[in-house]
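Scroll down for the structure; my scribbles are underneath it.
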Amino acid sequence: MLKVSQILLFVRNSYKGHQHKQYLNTMSKSLKNIFLLLIGITIFIIFILEIGSPKHLNMIFNFGWLNTFIVTLLTFIIILIAAFRWYLLINLQKNSVVSFNPILKASVWARLSSQTTSQIFGDVGMKMLMAKNINVSFPEIIFSVIWDKSFELLMLISATIGYITITHIFNMEILQWLFIPFCFLLLFPLSMLSIFITQLFLKTKKKMNNNFKPRFSISNAASISILSLMKYILVSFRYYIIIAYFNFQIKFFDVFLGTALTQLGNIVAVTPGGLGFIETGWIGFFKYLNIQDEYLGAFLLTQRMIILLSVFIVFAIFNGYYFITNYNKLKHHQAKEAE
């Protein structure tokens, strides 16, 4: 266990040498982030208690620790996959490979920021701000973020087309099992087309092309397409867990459409966590399936609260890990100096 006196001692001693300032700054930021996180959770709980009806609140608080754990685990994996896709897009533009850890850290920060400030700011602005610390040039940041959002959009378009094709054109239930490979067959050529258009654009920008030459290949397009598809499946499964809790008569296959509708609006959302955009998507989805349920409002509130809580938990664990890691590094350096 870390003792407060030990932490204060190491923080005080770190001022004696410039070599420890980096660890000190990281530890201080982690403590500040955790403190702000606790304040945010408290305010959010008070807000929910004020606006929620007793019936809705009972449904939320009875969601269960197991379901919450599964949703939190899925949230972490989703952030991990999104970070790795962004990692690939950044390194496609660089001769020297950027390490994954700072990109993951920026992605965790971006996810929290998108849930608490603005979705578009978290997905774009926060990534651009955090990327300054990982030796990435401004054009590389811009293009990596644009590509990231583009592949996200292409994935959702492919899923929507795939769902409509299977349910309305062929109208064969057995084809639902082929939905995932069908989405990939749609997404992959769209990804290649996006890359081709980007290459044409770069050729018209000779000044940029001299210093900025992304390396594209079929294997890269396939890898990014697979990651986008994996993320989409996990986001759908996360929603399905919440839907199943309310006993809505909705099949997992249909949740793919609900996910696509909500995430399409979320791409350009300017509200915290896409507030209003996601809920509008779900309301449209329920109307499309002709489902009217008294617990629709409780579902909208629960999915908002549980997913936000899962992001808070991932952020807190992530910052706690980095705080302990930097504390141990600081301790090791000071032990070396004492020898």
Fewest to most Cβ atoms within 10 Å: Lys329, Lys287 sort as Lys287, Lys329
Could you work out how far apart the two model spin labels at Lys287 and Thr165 are, taking each label as a point 7 Å from the Cα in the direction of the beta carbon, and quote it in nm?
-> 2.8 nm
Too long at a 26 Å Cα-Cα cut-off: which of Lys105/Lys149; Lys149/Lys251; Lys127/Lys231?
-> Lys149/Lys251
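Values quoted throughout were computed directly from the atomic coordinates according to the rules given, and no laboratory measurement underlies them. Here the structure is a predicted model, which means the values were calculated and not measured. No Cβ is skipped: glycine too gets one built from the backbone with ideal geometry, and neighbour counts run over all protein chains shown.
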